[in-house]
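For reference, the structure discussed in these notes is given below.
The values are calculated or read from the model by the stated rules, or taken from the named source; none is laboratory data. In this text, all values refer to a predicted model and were calculated from it rather than measured experimentally. As a convention, Cβ positions derive from the backbone with ideal geometry for all residues, glycine included, and neighbour counts pool all protein chains shown.
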Amino acid sequence: MGHGPLRVVLATLASLCSAGAAAQAEGSFVHQEQYAYVGLTAGQSKARNSGSCSDLSGLFSPGFSCSIEDTDVAWKVFAGYQADRHIAVEVSYVDLGTFKLSASGLVTGVPVSASEKLHAYGFGADLVLSAPVSDEFALFLRVGLLAWTLKDSASASSNVASNNQQQKATGTGVTFGAGARYDFAEDVGLRIEFQRFKDIGDENKTGQSDVDVISASLVWRFR
């Protein structure tokens, strides 16, 4: 017996499958699972424990004025390697911004103005775990380490004298976060994420605080 009808059915089915695959490829990005990428991040940082004006109550006479700026602009440049759809490794330079305290009042009866600035930055290495929802959209978690530096600059002045001091603390702390990624072009994507940097600063020298960052990133992939 011949197989003419079967050949026709199989040929028709193959044609339909090819057409369906082509249509699906036109409607979504076909991603390689392994590629390198670079990116740029900008957002807002917040120091969770930036000190308190009450800490100065023993230095200034009652009635002094004081203000704290515990938020600033944060930014990051990073590069990474996507090993597969779920795992990537990433290195970065992070600037967490500058946090400020300003105070003025009487010290032993003399008008004094004082300020302190804390600038935090460092180099990070992270493991990024992704859960793809579709070809274009994914959720991710990250965990890693930040080798941080915190520069502390303090100054006080009056009409009698002035004094300035600077010190620097370094260390390594854990960082973790979560976010979402959307690829609006085949090689360009957008990330929105929250990240926490733990224990920035020396508790005895500069004070210590976690720093939270909410940010957006542009990512360029090299395939």
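Is it true that THR172 is over 19 Å from GLY43 (Cα atoms) and touching a Leu at 6+ places or on another chain (Cβ under 8 Å)? Show your work before the answer.
Working: over 19 Å from GLY43 (Cα atoms): yes; touching a Leu at 6+ places or on another chain (Cβ under 8 Å): yes.
Yes, satisfied.
Right, PHE99: surrounded by 15 or more Cβ atoms within 10 Å (Cβ to Cβ), closer than 20 Å to ALA42 by Cα and either free of Cβ contacts under 8 Å to residues at least 24 places away in the same chain or touching a Gly at 6+ places or on another chain (Cβ under 7 Å) (or both) or not? Can you show your working first?
Details: surrounded by 15 or more Cβ atoms within 10 Å (Cβ to Cβ): yes; closer than 20 Å to ALA42 by Cα: yes; either free of Cβ contacts under 8 Å to residues at least 24 places away in the same chain or touching a Gly at 6+ places or on another chain (Cβ under 7 Å) (or both): no.
Against the criterion (surrounded by 15 or more Cβ atoms within 10 Å (Cβ to Cβ), closer than 20 Å to ALA42 by Cα and either free of Cβ contacts under 8 Å to residues at least 24 places away in the same chain or touching a Gly at 6+ places or on another chain (Cβ under 7 Å) (or both)), PHE99 does not qualify.
Within region 161-180, at least one residue is surrounded by fewer than 18 Cβ atoms within 10 Å (Cβ to Cβ), out of contact with any helix residue (DSSP H, G or I) (no Cβ under 6 Å at 6 or more places or on another chain) and not in a strand (DSSP E or B). Taken over region 137-163, the criterion of being closer than 30 Å to ASP187 by Cα and among the charged types (D, E, K, R) is satisfied by ARG142 alone.
Screening THR149 on (1) among the polar types (S, T, N, Q); (2) under 30 Å from VAL112 (Cα atoms); (3) modelled with pLDDT of 95 or more; (4) buried (at least 18 other Cβ atoms within 10 Å of the Cβ) shows it passes everything except condition (4). The set of residues from region 126-146 being within 19 Å of ASP210 (Cβ to Cβ) and surrounded by 14 or more Cβ atoms within 10 Å (Cβ to Cβ) comprises ASP126, LEU141, ARG142, GLY144, LEU145, LEU146.
Taking first residues from region 126-141 that are modelled with pLDDT under 95 and partners that are buried (at least 16 other Cβ atoms within 10 Å of the Cβ) and not in a strand (DSSP E or B), the Cβ contacts under 8 Å between residues at least 6 apart in sequence or on separate chains come to ASP135/HIS31.
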